[in-house]
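**Student:** Before I ask anything, here is the structure I am working with.
The values are calculated or read from the model by the stated rules, or taken from the named source; none is laboratory data. Since the model is a prediction, treat every value here as computed from it, not as a measurement. FYI the Cβ positions are ideal-geometry reconstructions off the backbone, even for glycines, and counts take in every protein chain you see. SASA here: full protein model, heavy atoms, side chains in, ligands and nucleic acids out. Shrake-Rupley method; radii C 1.70, N 1.55, O 1.52, S 1.80 Å.
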Amino acid sequence: MNIFNLFKKKVVKPSAPLTIDELSQLIINRLYTANDEFIRGYELIKKYPRSVSILGSARFKPDNIYYKQAESLAARIVRELNYAVVTGAGPGIMEAANKGAFQAGGKSLGFAIKLPNEQKVNDYLTEYVEFEYFFSRKTLLFFSAETYIYYPGGFGTMDELFEILTLIQTKEIPRVPVILVGREFWTPLLKLIDDTLYHEANTINLEDQSIYKIVDNEEEIIEIIRNAPFRQE
């Protein structure tokens, strides 16, 4: 595969390899874009030193139970705790959390990703930043939140979950609450982690499984957030 195709900005013929000058310009352009995304993202986060990141499937509709729960929880987070709510700015759980925060009069932030199918930014954002690269977007989603809340989701949610678990496990970021909402959904995955990663393969330690916790009770989630340490980074 031609290396230029990896960046998905233009389509070039396989028989037309990049010249050194073209590759150099490509790298410069990508570095400039990523740097700009980090700057805009950090400038937004700096305005809201206390926040909760809420993640989950983009496919859930307003009649879904998890959508309703995320909307309700986000409203309480901004109303009772005065924290900003941060999401990926898209539909589904992201929309639900932003909607709850927005309609409760709180700060509803989004880090949107540009996708080939042009995923629409939801209508419940007080401020947002748009990204071309997943890596820079995820860095901002995981920057200085007091708590991370995961609702059921697909590959993207799993990617975001295991990234935060790895960052905490390796002490790249301070230990903060990681809450999994939806016992029926998460239990098989956590059993796989315990049975295979811990007991069979011995690729994680027992204490690594204490990084996360399934919590379905809204009152308990609110108390966990209320008692979470304030991250100063």
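**Student:** Need the list of aspartates and glutamates near residue 47 for cross-linking: C-alpha distance under 13 angstrom, and skip anything on the same chain fewer than eight residues off.
**Tutor:** 127
**Student:** Separation of region 87-150 and region 179-195 by C-alpha centroid, Å?
**Tutor:** 24
**Student:** Which chymotrypsin sites (Phe, Trp or Tyr not before Pro) does region 141-233 hold that lie in a coil by DSSP with at most 10 other beta carbons within 10 Å?
**Tutor:** Passing both the DSSP loop test and the Cβ count: 230.
**Student:** Same structure again: So what are the three principal axis dimensions of the chain from its Cα atoms, in whole Å, longest to shortest?
**Tutor:** 59, 48, 37
**Student:** Sort all Cα-Cα distances of region 28-79 into consecutive 10 angstrom bins from zero, then give the percent of pairs in each bin up to the one containing the longest distance.
**Tutor:** Once binned at 10 Å, the Cα pair distances of region 28-79 give 19, 30, 30, 18, 3.
**Student:** Report, in listed order, any pair from 46/68; 171/191; 68/213; 46/171 with a Cα-Cα distance greater than 27 Å.
**Tutor:** Result: 46/68 exceed 27 Å.
**Student:** Tell me which residues come under 5 Å, amide H to amide H, from residue 110 once H is placed; ignore anything under 5 positions away on its chain.
**Tutor:** Under 5 Å from the amide H of residue 110: 87, 127, 128, 129.
**Student:** Same structure again: Under the classification rounded if a/c is under 1.5, otherwise prolate if a/b is larger than b/c and oblate if not, where does region 56-120 fall, given a ≥ b ≥ c as square roots of the Cα gyration tensor eigenvalues?
**Tutor:** It is oblate, given that a/c is not under 1.5 and a/b is not larger than b/c.
**Student:** Which three extents, in whole angstrom, do the alpha-carbon atoms of region 71-178 cover along their principal axes, largest first?
**Tutor:** 37, 36, 23 Å, listed from the longest principal axis down.
**Student:** Scan the chain and report its longest stretch carrying no trypsin sites (Lys or Arg not before Pro) that are both in a DSSP loop and have at most 14 other Cβ atoms within 10 Å.
**Tutor:** 176-233
**Student:** With the other protein chains left in place, how much accessible area per residue, in square angstrom, belongs to the chain at a 1.4 angstrom probe?
**Tutor:** About 54 Å² of surface per residue is accessible.
**Student:** Identify which of 152, 17, 49 has the largest mean-square fluctuation in a Gaussian network model of the chain, with springs joining Cα atoms closer than 10 Å.
**Tutor:** Result for the chain, Cα springs under 10 Å: 17 fluctuates most.
**Student:** In the chain, carbon and sulfur make up what percent of the accessible area (probe 1.4 Å)?
**Tutor:** Its accessible area is 55 percent carbon and sulfur atoms.
**Student:** Give the residue list of GluC sites (Glu not before Pro) in region 69-141 that are DSSP loop and have at most 13 other beta-carbon atoms within 10 angstrom.
**Tutor:** Loop-located and lightly packed - 118.
**Student:** I've got another one for you. How are the Cα pair distances of region 108-233 distributed, in percent, across 5 Å bins from 0?
**Tutor:** Once binned at 5 Å, the Cα pair distances of region 108-233 give 2, 9, 16, 20, 21, 16, 10, 4, 1, 0.
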